[in-house]
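These notes concern the structure reproduced below.
We did not get these values from a lab; they are worked out from the coordinates using the rules stated. Source: prediction; values computed, not measured. All Cβ positions, even for glycine, are placed from backbone atoms using ideal geometry, and neighbour counts span all protein chains on display.
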Amino acid sequence: MDSGTIQKLENLLLVAVPRDLTDDEVILMRRDILRAIRAYGSQVVLLDFTQVDICDSFFGRFIYSTSRMVQLMGATVIISGLQDAVIETMVELGMTLPDVEAVLDLDDALALSRRLGRNGSGPAPADGGLPEWEE
Amino acid sequence: MPDTLQRLHFRIQTVTDVSDSRRKGMQLALDMGFAHADATKIAVVISELARNILIYAKTGTITVLADKEPDGPRCIKIIADDKGPGIPHLEQAMTDGYTTSGGLGLGLSGSRRLMDEFFVHSQVNRGTTVTAVKYLR
Amino acid sequence: MQNQASVYNRINMLEAQLRAVLNSVPMAMFTLDAQGVITFCEGHALESMGLTPAQLIGQSGFDLFPNPPEIYQGIKRALAGETVTETTTVGPMTFQNTYIPYTGEGGGIIGLSIDITSIRQAEAEAREQREFLRKVLDALPVRVLWKDAATHAFLGCNQLVAQDAGLPSPDDLVGKTDYDMPWVEQAPLFQADDRAVIESGEARINFEEQLTQSDGSLSWLRTSKVPLRDASGAVSSVLCVYEDITEQKRAQQEREALQQQVIEAQRRALADLSTPIIPVMDGIIVMPLVGSIDTARARDIMRALLRGISEYRARVAILDITGVPLVDSGVADHLNHTIQAARLKGAHTIVTGISDAVAETIVDLGIDWSRVETMSNLQSGLVAALDRIGLRLTTADHAANGK
């Protein structure tokens, strides 16, 4: 597992998606993600696209296929970090990913994963005194 | 350098060629003065067309060139060419969601939306040439 | 007796005719006997030489013309039976001399001297002019090349073109075509241009094109092609004059790119002005839209909204369209795109300011806004936004007690 691109944070798995992805790299990355979910019991996988400046339909497919695999393991994929120019292009391309939730930043991702941790199965959040949003 | 500023030519045979061509194409667009968002769109179109070449024809070429209409605006032209199987139902292929490769079906239709002019010339078993143009405003 | 008389007359007539010819053209005729003594000389050229027949007749040719040696040799060899032609320059004048052995009675030779001074002068002037023209061509800071109209073969060029071709001199290009040059890639295009000029008979002035140099690099040229006609008026060749504008082109392109950037920055600034974002509280921004929304404005709105979401870390964006006079399917589509974009950024959008008319239009036009959260006014939108981020507005009455 490449610790450089996948980080565990509480209930969340933070995946930094690299700028260019080959088909082989996609397979390796998904394998690492699924392995990590199993190892840590993570419920949320955050795909962060901050480093991606060109997001074509290949990336869209990557997001959907990863999302389906992750769901089969009982977790959810959320995305963050899409650059403005990338979002504009995706929308015009027609690739709006309506079934994938997007969050603004890591804080929101963590809040979401904590909510899911309380409601569903999986490990409880480590520190109960963290500031949380009311439901 | 004058020659790389005006025209880029890529042989598409691997995924590295796809990333290479779209990145250099994006840089050419930026050098020409395209706004960042437009350069991103141009890069995505190059990426989509290059990937289509890889998936369907295995090999082909992408040419990206800076051009100018006489008495008209400057523009960037992307020409994707292959001698692959061709597109049998072109109208269908140009609609959202149609795919024969298990993808999102947005490659051709989406690319057309991102550019100002989009021409597809395809003959079954002879090959496909896509020409896409975006004007510099 | 009569026979003799008519022969005599005929001889006189021939002599008179000969004299007439000799005295009107710049030539002179000599006859010399077997010892080389001049027995006859006549001709207009004698005047130019400053000589008269009287001075020459009876003199030995060998004694009169010891120099230059060509004349001496000419007489000698002709006397030996050989016909000789040679050219001699005496002072400022040049003569073409022919010595013909006379096989008739007594032997000797006939000499013809033609004054070719003016011809030589004309040749020299022409050569000087050609040299001068060559100097002019090579001194011009532009490339000059001319090609045959039928074969497109090079007829000539100046030194700069030879340099571009990687050849030592312009003569090395004669007979070759664009296909033999380092710019073979552009050859079909160049020849097509040539044909266009030849067939139309009209010049093409100052157009820009590209050329591959001998080192493989690509240059920009400003070219003019002019049809040249021969005496019959048909186009026989094409004159191509071109200069290298690669540097200017690059500078121009850099300027244009910079201009584009400035224009883009100005547009951005203008767009910002027309798309104000109001942060109402942590995590909520309001974007009031006023005026019509076309494609360009819609793009600005989307970009401004995305920027605003970043800047204010907004989770909810309220798009108020109270001030948008017309909402048709086009505008609805634009707003949809903006909403989708905001969602991909992680923010939820609420559209407020839906008037009765707009609500009717949307339904009548069959626009699908079922997934879009809409409110009739900004206030309700604000309450909904607060609700979404988990806050609630309460009145201050609770805290009033105790004063």
Next on the checklist: With the alpha-carbon atoms as the only input, what is the per residue convex hull volume for the stretch B:27-137 in Å³?
Outcome noted: 99 Å³
Item to check | Listed residue pairs exceeding 21 Å between alpha carbons, taken from B:LYS24/B:LYS77; B:LYS68/C:LYS249; B:LYS68/B:LYS134; B:LYS58/B:LYS83; B:LYS41/B:LYS68; B:LYS24/B:LYS83 | outcome: B:LYS24/B:LYS83
Item to check | Full-extension gain in nm, B:GLU117 to B:HIS36, via 0.36 nm per residue minus C-alpha separation | outcome: 27.2 nm
Next on the checklist: With angles folded into 0 to 90 degrees, how steeply does helix B:36-52 sit against the dominant principal axis of chain B? Use alpha carbons for both and round to 10.
Outcome noted: 30 degrees
Item to check | Cα centre as origin, Lys/Arg/Asp/Glu Cβ charges: the protein assembly as shown dipole, Debye | outcome: 1220 debye
Checklist outcome for this item: For A:LYS8, the lysines lying under 25 Å Cα to Cα, once residues fewer than eight places off in the same chain are dropped, come out as C:LYS345
Checklist entry - Which value, in Å³ per residue, describes the convex hull spanned by the Cα atoms of the protein assembly as shown? => result 303 Å³
Checklist entry - What shape does the stretch C:4-100 take by its C-alpha gyration tensor, where a ≥ b ≥ c are the square roots of the eigenvalues and a/c under 1.5 counts as rounded, a/b above b/c as prolate, and the rest as oblate? => result prolate
Item to check | Karplus 3J(HN,Hα) series, Hz, for the stretch C:209-221 with 6.51 cos²θ - 1.76 cosθ + 1.60 (x for Gly, Pro) | outcome: 8, 10, 8, 8, 7, 5, 8, x, 6, 9, 10, 9, 10
Next on the checklist: So if I place +1 on the C-beta of Lys and Arg and -1 on the C-beta of Asp and Glu, and nothing else carries charge, what would the dipole magnitude of the stretch C:119-275 be about its Cα centre? I want it in debye, nearest 20.
Outcome noted: 300 debye
Checklist outcome for this item: The residues C:ILE100, A:ILE79, sorted from fewest to most surrounding Cβ atoms within 10 Å, come out as C:ILE100, A:ILE79
Checklist entry - Under the Kirkwood approximation for Rh and a Cα-based Rg, what ratio Rg/Rh is obtained for the stretch B:6-92? => result 1.01
Checklist outcome for this item: Row for the stretch C:45-177, column shape: gyration tensor on C-alpha, a ≥ b ≥ c, rounded if a/c < 1.5 i.e. under 1.5, prolate if a/b over b/c, else oblate; value prolate
Checklist entry - Can you give the relative contact order of the stretch C:260-403 as a percent, counting alpha carbon pairs under 8 Å and 6+ residues apart? => result 21 percent
Checklist entry - log10 I(q)/I(0), Debye, Cα-only the stretch A:1-118, no solvent, q = 0.21, 0.23 Å⁻¹? => result -1.24, -1.48
Item to check | Long-range HN-HN contacts of C:GLY156 with modeled amide H, under 5 Å | outcome: C:TRP146
Checklist outcome for this item: With the 8 Å Cα cutoff and a minimum separation of six or more residues, chain C has a relative contact order in percent of 7 percent
Next on the checklist: How many angstrom lie between the Cα centre of the stretch C:1-53 and the Cα centre of the stretch C:178-222?
Outcome noted: 64 Å
Checklist outcome for this item: B:ASP71 and C:ALA16 label points (each 7 Å along its Cα→Cβ direction) are spaced in nm at 7.8 nm
Checklist entry - Do the sum for chain C: with -39,500 (n - 2.57) for every DSSP H run of n ≥ 4, divided by all residues, what is the mean residue ellipticity at 222 nm, to the nearest 500 deg cm²/dmol? => result -14000 deg cm²/dmol
Checklist entry - Given Cα pairs under 8 Å that are at least 6 residues apart, what percent is the relative contact order of the stretch A:69-113? => result 44 percent
Checklist outcome for this item: Projecting the Cα atoms of C:ALA332, C:ALA78, C:ALA139 onto the charge dipole of chain C, where Lys and Arg contribute +1 and Asp and Glu -1 at Cβ, the residue farthest towards the positive end is C:ALA332
Next on the checklist: Loop by DSSP (not H, G, I, E, B), at most 16 other beta-carbon atoms within 10 Å: where is the longest site-free stretch of chain C for GluC sites (Glu not before Pro)?
Outcome noted: C:203-403
Item to check | C:MET49-C:ASP172 FRET efficiency (beta carbon distance; Förster radius 30 Å; 0.05 resolution) | outcome: 0.05
Checklist entry - Between C:THR151, C:THR83, C:THR177, which gets the highest mean-square fluctuation from a Gaussian network model of chain C, Cα cutoff 10 Å? => result C:THR83
Checklist entry - Can you give the FRET efficiency for C:ALA192 and A:LYS8, using 1/(1 + (r/R0)^6), R0 = 51 Å, r = Cβ-Cβ distance, to the nearest 0.05? => result 0.20
Item to check | Nearest-0.05 FRET efficiency for C:VAL184 and C:VAL290, computed from C-beta distance (R0 56 Å) | outcome: 0.40
Item to check | C:LEU228 long-range amide H proximity, modeled H, under 5 Å | outcome: C:SER236, C:SER237, C:VAL238, C:LEU239
Next on the checklist: Along each principal axis of its Cα atoms, how long is the stretch C:182-237 end to end? Whole angstroms, biggest number first, please.
Outcome noted: 42, 19, 15
Item to check | Gain upon complete extension [C:GLN252, C:VAL90; 0.36 nm per residue less C-alpha separation] | outcome: 51.9 nm
Item to check | Likely footprinting exposure, C:TRP369, C:TRP183, fewest C-beta neighbours within 10 Å first | outcome: C:TRP369, C:TRP183
Item to check | Amide proton proximity set for C:LEU319, modelled H, under 5 Å, gap of 5+ | outcome: C:MET287, C:ILE350, C:VAL351, C:THR352
Checklist entry - Over what distance in Å are the Cα centres of the stretch A:11-25 and the stretch C:265-341 separated? => result 32 Å
Next on the checklist: Rounded to the nearest 20 debye, what is the charge dipole size of the stretch C:1-160 about its Cα centre when +1 sits on each Lys and Arg Cβ and -1 on each Asp and Glu Cβ?
Outcome noted: 520 debye
Item to check | Extension gain, C:GLU131 back to C:SER118 (0.36 nm per residue minus Cα-Cα distance, nm) | outcome: 2.7 nm
Item to check | Globularity ratio of the stretch C:198-356, using Cα Rg and 2.2 N^0.38 Å | outcome: 1.83
Checklist outcome for this item: What the Cα atoms of the stretch C:218-268 span along the principal axes, largest first and in whole Å, is 63, 21, 12
Checklist entry - Of the residues C:ASP172, C:ASP230, C:ASP244, which exhibits the maximal mean-square fluctuation in a Gaussian network model of chain C defined by a 10 Å Cα contact cut-off? => result C:ASP230
Checklist entry - Looking at the square roots a ≥ b ≥ c of the eigenvalues of the Cα gyration tensor of chain C, which shape do they give, rounded for a/c under 1.5, prolate if a/b is larger than b/c, or oblate? => result prolate
Checklist outcome for this item: Placing +1 on each Lys and Arg Cβ and -1 on each Asp and Glu Cβ in the protein assembly as shown, then taking the dipole about the Cα centre, the residue among C:ALA342, A:ALA109, C:VAL286 whose Cα reaches farthest towards the positive end is A:ALA109
Next on the checklist: Around C:ASN23, under 15 Å between beta carbons, what's the net of Lys plus Arg minus Asp minus Glu among the other residues?
Outcome noted: -3
Item to check | Longest to shortest principal axis, alpha-carbon extents of the stretch C:148-256, angstrom | outcome: 48, 32, 21
Checklist entry - List the lysines whose alpha-carbon lies under 25 Å from that of C:LYS147, not counting same-chain residues fewer than 8 positions away? => result C:LYS135, C:LYS176, C:LYS225
